[in-house]
Structure formats: C-alpha cells, structure tokens
C-alpha cells in the first residue's frame, strides 16, 4: 500500500538520518517508591506493603531491565528522580556501566500540578548537582514526572542548558517547543497505565492483559515505522522489571531489532541529531496555553 | 441461517436503495482540544501536556485520517466544533478537498447538560456562520457534542433548516424524531470510550485493547449488514489519528469494502435518501421525555 | 479426567432428570428504560439520549432475541418490570407467542436498597395484577431488580404463592431459601456488567470485549455441565438485542445445543422439577443475615 | 537465550534445593464472607445477595479447590480467618484431610489500616487458639488480610513463634524482614483483583477475561521459573471455586506439573527450607517505613 497523502498535512515529513526510516527511544523511568512518598509527603503511614512493592524495582527489576537491554545490545535513556539516586547510590553507576543515558526526572518525583515554580527549579538544580557528584557527568535531558510541563519549567530547562525535554505528545516525532527540542512520549506506549498495581485501595484500574497491551505496542511500533515517526517506549523499574513483563519486552525488542531501517537510539542522540538536522525549526511550536473560553460563551449575560 | 422473524417486530424492515443491504456511515468528530477547553472553561491551568496531546489531532491525526479515506475511496462526514475551525482555518478546506461532508458540532463543544437553550442556539448559529464564511457552503447536518439532544435543540435544528441530526441511538437504522431525520450513532462503535486517554488524572479508564475493540466493531458491522442496518463508525482526530489506530481502521475499512451490497455514504447522502424513500414517516417517534415515576411509587405516603 | 471428589463436600450432588447432566436457564430481563427512570425518579432531565438508547430494546432488541430463541427452538424466561409492560403493551403477548415464560421483575425496577418493604409489596401485587390483565395468565416466578432479596421479600413471594425466586447466587444449582425454591443467577454470566453503556457520564466502566466475555461464558457453561450444575444466562433487551451481541449468543447457543445431556428449560419448569424431585429439602438454607461483628472486635474498649 | 546478567544486581541468586530451579506456592485465602462482614462491621443491612454470593465458597467452592489439588497431587497453603473457621467448623478438618497447610489470616479479616495494634494482637491470638482447638495442630504461618504489614504485626508474629509471614512483595523469592522469613505474594497472580465481583454497587471493576489473566499467570510462571524465583498463586474459595475458574486453574496446574525442576511446596515447607539454607540472612531487609519527604521539599518556606 503506498502511503502518499492525497491531502497534504501543513507540516513536512520528518527526515531521519541516512538509511533510517524511523527511530525507537527505549526509556526507563526509575521511579522506585518516589511517587508513593510524594503522594504521602505529609506523613507516611506505618505500613510496609506499598513500599515493598516498589522496592522490588531497585532490588531486582532494574537489573532485569539492564540485563534485557544488554542481551539486545540496545542503549536506552533512564530517567531517575534525585531521591532514588540519593537513597540507592548504586543505581546511576550501574546504568552508566550499561552504556545508557541518564536523565533528570525531578527530585522527589514532584507532580507538576502540586508543586510551585520555585520547587521545580530547586528540584532540578539539586538533582543535577547530585547526578554530577555521583557520576562525574552532566545530564543533558529532562523528563517530567507524570509527563507535565509548564512554561516556567521549559524556561528553566533552557536556562540550565539542557538539550531536550521528553514529556509532551504533540507530534509523534521530535519537535520543538519555544525552541527546546521535545522528544515526545505517548501514554499508549507507557507501561504504568496498564501494569501499575499497588494494592491498599490506591488502584484506579486492575492490571490489563499483557498480551493485548503488547499487541497494541507492536501495532504502534509497526505503524510509526511506516509513517516515519519516533516510537518512545516508557517502562518502570518496579513495574516492567517483574518477570512476566520481561517476556513482553523481549517480544517488543525482537520486533524492533527485526527492522533494519529503525534507528534505536538514546534520547540524547536523537536530540543531538535533531538539533543538527534540516528538521530544526520546522516543527517549532509556541509553549502556549490557550485562554479560557468561558467569557466567549454564547447566550450568556456578561454583565 | 435464515433470518426470518417468527415473532414480528411492530416496526417494518428498513428499505435501502436498490441493490444495497445496509449502509456504513464513516464519521469523524474533529474535536481537537475543544472538549478540554470546555471542561476548563472558567480557567485553564498553565500547563501544556493535556493541550499538546489533543493538538496532535489538527497537526497530524486529521491528515492521517484524510489519507486513509482517500486510499479507500470512502467519503465520510466530519463534524467540527466552530472553535476548532476558527483556530485551525486550514481544516475545513482540507476536509472539503477530500470530498467529504462537513457538519456542525457545537462551537465550544458545549456539553448539553452544562449549557442553556440560548447557548445552544447561539453556538449553532455562530458555527453555521463561520462554516459558510470559511467554505462558502452551508452545512446540512448536526451532531451533538457527547451525543445528547433536547427538544429545544431539535426544534432549533429544524428551524435552521438542517436536514438531519446524528446524536441518538433509538434504532440502528435511520429514523425520525418529531419529523427530523435521525442518523443514529452507537457508543459501541465510537473510538473515544475505548481509546481516549489524556493523562493528568483525568482518565476514568485505561486504554482498551485495539484488537478486541476491532473484533467487536467487525462483529457489529457484520451483524448490522445481516440485519440490514446502518453502521455509524465515529472516530476522533487526536485519538484515531494515532498510528496504531490507523491500522485498526484499515482492517475495518477492508471488511466494509469487501461487502458489495453495503452502501458507504455520507450522512448527508443517507439523510437525503431517507427523506425521499418509502421509509419516511415509518419510523417517526416523538421527542418525548417521560415523566418522572416518583409520584407513582407504591407504598409511599403522598400526603 | 475422573471427577470424583477425594474430599467430600458437606452437600450431596444435585440430581437432574433422567438422562440429563446439567440445566441451562436462558433468561432475559426486559428492563428497557425502567432502571433509568428509577434512578431519576424524582425528576427526569429534559434530554433524549439516555432514553433513546434504552428504547432500542422494546423497539428492536427484544424482537431480535425472540427471533434468536425461535431459530434455536429454545424456550426462555423473560422478566419484565410492570412499567415496561404497561407502557409497551405489545411486549407480553409477543413473549408468550414465542412459548416463553414471563416472570415478575418489580414494577418500576425498584432497587431493593432504595425501596421500603411496603413498596416492594405494592410493586409485586401491581405487576402481578397487570400481567394477569395483559395475558390472562398468572406468573409463577420472581426475579429481583439488580438481584437483591430481603427476608421480607422472600416472605411476600411465598405469601403470593409464587413458585420460585431467581435472584441469589449461593449455589450453582437450584436450592431453597427458607423453603422457597431459588434458581441461582451469577454476575459472571450476565450481560449488563460487561456490555451496559449509557453515555452521559453514567458509566462506571467501558464496554468489555465480546470475544473474551463469550470465552468466559462458554467456559462457565462447559464446566457447569461437567459439574452437573445450572447455567443461568441473563441478557437484556436493550443490551444484548444489539446486533453484535446476537452473534455472541449464537455461539453460546450453539455450544449449549451441542450437549445432548443438557436440559434447556424455563425457570418455571426447573422450579417444578426441583419441587417434585429428591433434591427438595436437601439444599434448604435459612434466609439469615449474619449479625454485625463490630461488637466482637478484639482489643477494643466496649465500655 | 543465555540469561547471564551483564550488569550484576547487588543481590545474589537465590539457591533452591538440589535439582530444583524454582518454587511454586499454591495458596488459597478462604475468606468466605468475612471481608464483607468486616466492611459492614457496624451494621449489616437486611439483605441476602452479597452474603449468598460469598457463602458459595464454604458450600461449594472450597471443595472444588480441594478436589482440584487432590487430582494434581499438589499440597497448598490455606489461610483461613478465625471467624470463617468458627462459623464453618467443618472447614479446617477438610483442608487437613487433603494434606494441606493451614495458616492464620486474621480473625474477622481485619484490614490493617482500619485496625489497631491491640486488635491485631487479639485477633492473632484468638485465631491461633481456635485453630489449635479445632485441629490439635499449631499453625506456623501468617498471611495478612489484603496483604499489609506493620512493624508491630511483624514483632507479634515473631513473638508468637510463627515461622513466616506471606504478605509482602519486595522480592520474588523468599527473603527476610527484620529476620522473619517472608514468602512474597504478588497482586498479578492473585485472583481477586481480576475476578472478584459482588454486585450491589460495591464493585470497582468488571470481571476481567479469564483467558487473558491466565495468559499472564502462565507468563509470570514461565519467567519466574527461568529467573529461579518463587511463584505464589493466591486464589479464594468463593471466587476461584466458581466453575469456570477451575478450568483456568487446571491449565495453570498443567503448566506447573510439566516443569520437572519446579518445586511445588507449601509455605511451611518453603519457609523451613529457607531457614536452613545458605539463603538465610542474604536477603534480610529492615522493616523500615521511610520518613515523609515533605520537610525536604525545595523552594518551600519552612519557617
């Protein structure tokens, strides 16, 4: 089936490196129990179950994922909240030893809607400082906890000289927001919305079927490859480090490896490519939050 | 299997054009971020994620859908809130260029239970005016945001001379409500209840499996074709414009194309057929909201 | 695989009629819009969508179900709220014409937790009277709206001389509660928890996959047949009368028809068999609601 | 595929008995209606449906499970709230007759977050006393209702000389918490989060697909066997004693039986092995609940 558009999109096609038709960014958000502690930041009940479920990540899950990546020879991008690195100082070195990128992900996995601008800035600077101290390297990328971004955050990411953000979903290939490279994520290829389960009455949904979720991930991958897009898979240490999830990821990685013209790369590599390519500036959108439409409603008395 | 009814329904069989056994209405609700802004109409928080997720529709998703229709040679009906056309003036011309119908869908995607009668009327008139201005053509059909309808709305749709509404589900073939042609929709063949996901805590449900949803859509199609009904598929720009959903729609469209006696038509065409056919008047029901039954309850003291 | 129990249950095996290994009760709750009106009993908003979605049942869905039963030669039990029969007087005669049983199901689909004892009694008597008037026959069975039962209801069902109730799930074969024959239901083989969808923000869950639900229904059927139980399928006019659901029911009915030793019977027939069989009295349990355990809690001060 | 870890986990590999690569703990939580009564501990409404749904367990479901275990020759661990044993005195003897382990599970299925330390202790002592009285044997293991544990509970379990707890999920092989052997559970291989359904508006989720849940259970089993872990399946009398669930468990048990190097053992046996093996002390973690992080937040005024 030819894929020519009879109706042209106002946007040009994204151009990948010579010989590549699409990109796959395999990313891991190493949250461990930081979101749990954030949600209970004013007092942690004297109970162990929720904490232990998440401690499985730094104890076991992360290493299963690192092993998986190594078996496939894939390099990924690992986003680690400062607190997780602080309390598990063996994590960043282990990730680096695997040849992966490390990116910033808040300090206490600060949920954007619940944190002030100053808190974001403080968390960003503190985690940057900690990462430099623990690894001797400066991270170049940021991914927001729970994938939210404000104009203030964007400005701060640029002020600190980071090369990219990876939190929004406005395209399915790299783009720019106010000139900052954005490497888009997508909820449909995130493990948490399907496979996060904590118990204790905290869960909104039951666990979804691994088989059908994988089927959708594979379909997204196959179609994004056809469309020349960027497939950003996001998994978590304590969720996809569980035994059955590794089996799903093996099928996923098999499919990606089978495509010779797919570029498996870290976010850092993709951001650098974008910044130096003809794509730069072609997909730059403003960090614009629209006005509320309430005052324009029809048939209302605006006295 | 013979399909003769041993117990006769009080309603006659619907009669399709010569040589046709059923109809397929392929519709697209081009909502973009209008429902998001409606839900936050009194104040939009200074955050980008939810907006960017929906901006994917006008940037990319809509064009993937238009391309899909073009590859199959199918003409569909596209319902566009006025605000989406106003802020994306390239949309209506692109849809028309594909040979599709454009219909009304509110101005700010006004949710019926949250809007007054006057607001509905104002929104309808304003979007009609805008569509004429942007396209030089007058729309003939209306689909309600979130598929709700009041007697007032019905009267206004008739007063403005529109040819049909497409918001209710009382039959699974065309019918009439107070004399207005109704082209029924059905939640079971809508993409949003299965595949809408916004993040930020707004979601009631996780994403459902593409494979099993498609399986149900195909079953509905196959059985409606057998029963001689009308299959109204409804998809959205920012939801089904995502890469993996196009693959589902290709399988759906393959199945429809394979039926020689299925009539793939726009809502405008189906409404015009209905109005000029023997079906007219046979399925006319009143726009009647039943009385509350509370006063008739048993064993109560109604003093 | 031999099915002998090495550990004996305290209850004997249920004995079916000569040559039969299990029973299948195919039941239809013809609710139409009665639960909708019940939930809005103090005021129905001036909107049409929810009503029209449910009116599909008496207009179309019921007749598709009656046709389905006729094609398979199966007789079922149809439970109809009085209000539905009152406002659709063609329904009871159509069901009887198909050779099916009609049973009581409340008058306004009164939800037990929301209705008084007197209201239950009034509704029961009024619907009985209406059914006699509309059909010339006296119903012998009752199924509670939403499958709840109180000791008062039980006593009233006995007082009116009904032969059975079908609302509880304490066994998966017929039993007795305070001497009244109980033909058990089971949520797992009800269509509403999987396929009810109303729109308008009323839905707790999205539509579930037809294929996987059918797979579970078939497994329940196959295993209940093996265990010698009773398979009570419950479907609804406006839910399973939808085109795609008929296809599921055809597969279900195919499986049932394929078992020569399965007894497909109406509830009335099964209740009559039970009352005259050796099973009578063997599975009689008290209508006993246990005491609250709060006063027995440990380490509490009960001063 | 070789499974060597290129990046070493900080934890050693778990060592199973000679010739065994993994373990399978098949456990049954015999809750019957105790969680229902706990949730209504201050007053049980005069209604029968919810109670009868759960009474199916002690009447039928438990015996189907015991029969299933017997057919496979598997010995499991059955956790029974004291109240269930008290009101169904035939249960503990039947379980013991099957050669299974009986463990403690609270008295009234006390939910940890809703019970005091003193209540936990009282419930533990009372159920221990009852079990000794009913069986002449002293239980050696505890599993918490709803899988929660506090430092107080841990200390009490040790004080009473129990050999293990089975309520946490911090590893997927045996470990120790403050020196107490912990046999980890996992929500992903529990039946309740997928198959519990009570009706009456109490349900958070619809029933999930048996086929896809089994598919995930089998994947977890296969991968845990590969990784040398411990597969703890947890089912409930009134949930998995239903006919269709037995069919799922047969497929699950077939897969386990097919692995010659899988050690199917009771929790008591696994705990005893652990305590006498080289693993002892290698996976001992503190019963540590982390401090709240609120006071460390950035950009806040902590005046």
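Side notes on the structure shown:
- Within the range B:20-75, tally of residues that are at positive phi and free of Cβ contacts under 8 Å to residues at least 60 places away in the same chain: 2
- Residue in the range A:6-25 that is within 11 Å of another protein chain (Cβ to nearest Cβ) and under 24 Å from residue D:297 (Cα atoms) present: no
- Subset of the range A:105-142 [in contact with a helix residue (DSSP H, G or I) (Cβ under 7 Å, 6 or more places away or on another chain) and more than 19 Å from residue B:47 (Cα to Cα)]: A:107, A:108, A:126, A:127, A:130, A:131, A:134, A:135, A:138, A:139, A:140, A:141
- Out of D:261, D:212, sole residue that is within 14 Å of chain A (Cβ to nearest Cβ) and either buried (at least 23 other Cβ atoms within 10 Å of the Cβ) or at pLDDT 95 or above (or both): D:212
- Going through (1) away from chain B (no Cβ under 14 Å); (2) under 25 Å from residue D:52 (Cβ atoms) one by one, residue C:196 falls short only on (1).
- Among the residues examined, residue B:83 qualifies as closer than 21 Å to residue B:58 by Cβ, over 16 Å from the mean Cα position of the chain (by Cα) and buried (at least 24 other Cβ atoms within 10 Å of the Cβ).
- Pairs meeting the criteria (first residue in the range B:134-150 and closer than 14 Å to residue B:115 by Cβ, second residue part of a strand (DSSP E or B), beta carbons under 7 Å, at least 6 apart or on different chains) are B:149/B:165.
- Residue A:185 satisfies every condition listed in (1) out of contact with any helix residue (DSSP H, G or I) (no Cβ under 9 Å at 6 or more places or on another chain); (2) within 29 Å of residue A:242 (Cβ to Cβ); (3) within 14 Å of chain D (Cβ to nearest Cβ) except (3).
- Where residue C:228 falls short, out of the listed (1) within 14 Å of chain D (Cβ to nearest Cβ); (2) buried (at least 19 other Cβ atoms within 10 Å of the Cβ): (2)
- Selected residue (only one of A:74, A:69 is touching a strand residue (DSSP E or B) at 6+ places or on another chain (Cβ under 9 Å), surrounded by fewer than 24 Cβ atoms within 10 Å (Cβ to Cβ) and at the interface with chain D (Cβ under 10 Å from one of its Cβ atoms)): A:69
- The range B:39-54, residues that are within 18 Å of residue A:143 (Cα to Cα) and more than 7 Å from chain A (Cβ to nearest Cβ): B:50
- Selection from the range B:152-169 of residues that are within 14 Å of the chain's Cα centre (by Cα) and at the interface with chain C (Cβ under 9 Å from one of its Cβ atoms): B:167, B:168, B:169
- Residue D:236 satisfies every condition listed in (1) away from chain A (no Cβ under 12 Å); (2) surrounded by fewer than 21 Cβ atoms within 10 Å (Cβ to Cβ); (3) in contact with a helix residue (DSSP H, G or I) (Cβ under 9 Å, 6 or more places away or on another chain); (4) closer than 24 Å to residue A:53 by Cα except (2).
- Candidates B:220, B:269, B:251, filtered to the one that is within 24 Å of residue C:197 (Cβ to Cβ), at pLDDT 95 or above, surrounded by fewer than 18 Cβ atoms within 10 Å (Cβ to Cβ) and within 21 Å of the chain's Cα centre (by Cα): B:251
The values are calculated or read from the model by the stated rules, or taken from the named source; none is laboratory data. Given the structure is predicted, the values throughout are model-derived calculations rather than measurements. For neighbour counting, all protein chains shown are included, and Cβ atoms are generated from backbone atoms with ideal geometry for every residue, glycine included.
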